[in-house]
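Comments concern the structure below.
The values are calculated or read from the model by the stated rules, or taken from the named source; none is laboratory data. Bear in mind the structure is a predicted one, so any value in this text is a computation, not a measurement. Cβ coordinates were reconstructed from backbone atoms using ideal geometry, including for glycine residues, and neighbour counts include every protein chain displayed. The area values use the complete protein model at the heavy-atom level, side chains included, leaving out ligands, DNA and RNA. Shrake-Rupley method; radii C 1.70, N 1.55, O 1.52, S 1.80 Å.
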Amino acid sequence: MGRTSKIIPGVDQTLLVKDAALLLPDPARRRFLAGGASLGALTLLTGCDVVDSFSAEDVLKKISKFNDAVQARIFDPNKLAPTYSESMIKRPFPFNAYYTLDEAPDVKASEYKLELTGMIANKKPWTLDELYKLPQDKQITRHICVEGWSAIGSWSGPKLGDFLKTIGADTSAKYVRFICAEGYTTCLDMPTCFHPQTQMSFRFDDQILPRAYGYPMKVRVPTRLGFKNPKYVVGMEVTNEYKGGYWEDYGYNDYSGL
Amino acid sequence: MSGMTASHDAARADGAMAQKAKVIQPAWVRVVHWINAVAMIMMIMSGWQIYNASPIFSFTFPTTITLGGWLGGALLWHFAAMWLLVINGLVYVIAGLVTGRFRRKLLPISPAGVIDDTRAALTGKLSHDDLSTYNNVQKLLYIGVILAGVVVVLSGLSMWKPVQFQELTAVFGGYDNARVVHFFAMAAIVGFLVIHVVLAVLVPKSLRAMIIGR
Ligand code: HEM
């Protein structure tokens, strides 16, 4: 059926630079659901061209919001993601972004500061040295991408929940929003931030986090899909307002829980 | 005049009884069946688009036969249609068990019966006079597709929530294996669908019964 294409997991002898542009909605298309579904069958079954109508998209977005609520209900704050042995780590671990590796942010350690904004008592920015001194956990968990591939990796760093307490974040706030060096953003709800495996990762596979995986800091969330695990994090905002995110704004499900 | 009305009424009542006796597919089965057909087709077409984002095998599905336009759109369709599929499927399975329909229509079934009926079907000797009873080939296909439907839903659930429902994911041999199981369950359903639609078209009165009941 159809043309052949590269198999994503498996061909990882070299770092995998995926053509994420293929996965983006066609810029020529104004509405992301149009196209690719103009099949007569659907039109026939419904008696109208559902796919091109605005209401179909609105209905789908409403159901996606409903799915956010369902997933927040399903989420058990004490349920740990399965962990694996060292030998199961995928080496090299895939690099995946909507840009190539040479376009990835090149953050300088000396200039780095983690900026804190929003509902936080102590907004003093943190340097890398200060962050590295926090107590570090290590986890070997499965990273699962919205695209369907998955890979086991090892990440180390302090618990995000502990850090939020340290800086005096208002933990009754709804969200923590992450701002990344390249302009990427994403949000997590407070219960997820306090999950024991939600981590500010500074190391991958016991080495300082390489540029490919988000140097200097990634937020590792094994209970959420990969795009909810921001890399190159330079800022955190504690807020009650839902501000979406890079992929969320294109239509990926906001919660995207695992 | 009044006598005429009475006999007219009696005739009508007789007609209604005869009609009732002739119902091959009850209304609930027809409604649930067509909702399922729509939901399945939406799930399959959006599923193919999702598959394309990270194919398990060395092929992808042409985008002209997929739903959603791109990965994000397909995911919205898939996770919307899943409610229709699962709720409708539960209604069908529960009603099928409670009303005794499954027992009456899908049982008994025997390997010998399946072989006999397959041979009869291939030599054009299978009778379609009584549409209210299914032959062994039909029974096998229907039981098979109901089971494939259960597997496709459970394996899908195990991929959607591999942390919260990790015990279920483990039943399918982990996340990556669940993808493969989900794919083959889909393939079984598509295979069924092709045969099913061809047979329905070859025996048009069965299609009629699934639409208007008689
Ligand atoms: C869209 C195209 C479809 C058509 C034209 C169609 C047609 C029919 C017809 C005519 C019957 C009655 C056949 C008979 O008397 O043996 C039937 C029954 C059935 N169909 Fe379909 N069907 C379609 C899609 C599907 C799909 C997608 C599924 C499941 C994946 C499905 C599952 C079934 C089952 C399980 C029965 C038996 C129902 C019962 O007796 O409880 N059908 N279909």
Q: Determine which member of the set B:66, B:133, B:123 is open to solvent by 50 Å² or more (accessible area, probe 1.4 Å), at negative phi, free of Cβ contacts under 8 Å to residues at least 24 places away in the same chain and of a type in the set (Ser, Thr, Tyr).
A: B:123
(Q) Taking the condition of being within 15 Å of residue A:184 (Cα to Cα) and not aliphatic (A, V, I, L, M), how many residues in the range A:221-248 meet it? (A) 15
Q) Within the range B:156-168, which residues are in a helix (DSSP H, G or I) and more than 15 Å from the ligand (Cβ to nearest atom)? A) B:157, B:158, B:159, B:160, B:166, B:167, B:168
Q. Among the residues of the range B:169-179, is there at least one that is open to solvent by 40 Å² or more (accessible area, probe 1.4 Å) and either within 21 Å of residue B:83 (Cβ to Cβ) or within 16 Å of the ligand (Cβ to nearest atom) (or both)?
A. no
**Q.** Selection within the range B:180-209 - over 12 Å from the mean Cα position of the chain (by Cα) and near the ligand (Cβ under 7 Å from one of its atoms)
**A.** B:200, B:206, B:207, B:209
Q: Would you be able to say whether some residue in the range B:133-153 is closer than 30 Å to residue A:256 by Cβ, within 14 Å of chain A (Cβ to nearest Cβ) and more than 9 Å from the ligand (Cβ to nearest atom)?
A: no
Q: Would you point out the residue of the range A:221-257, among those that are of a type in the set (Lys, Arg) and away from chain B (no Cβ under 13 Å), that is most open to solvent (accessible area, probe 1.4 Å)?
A: A:243
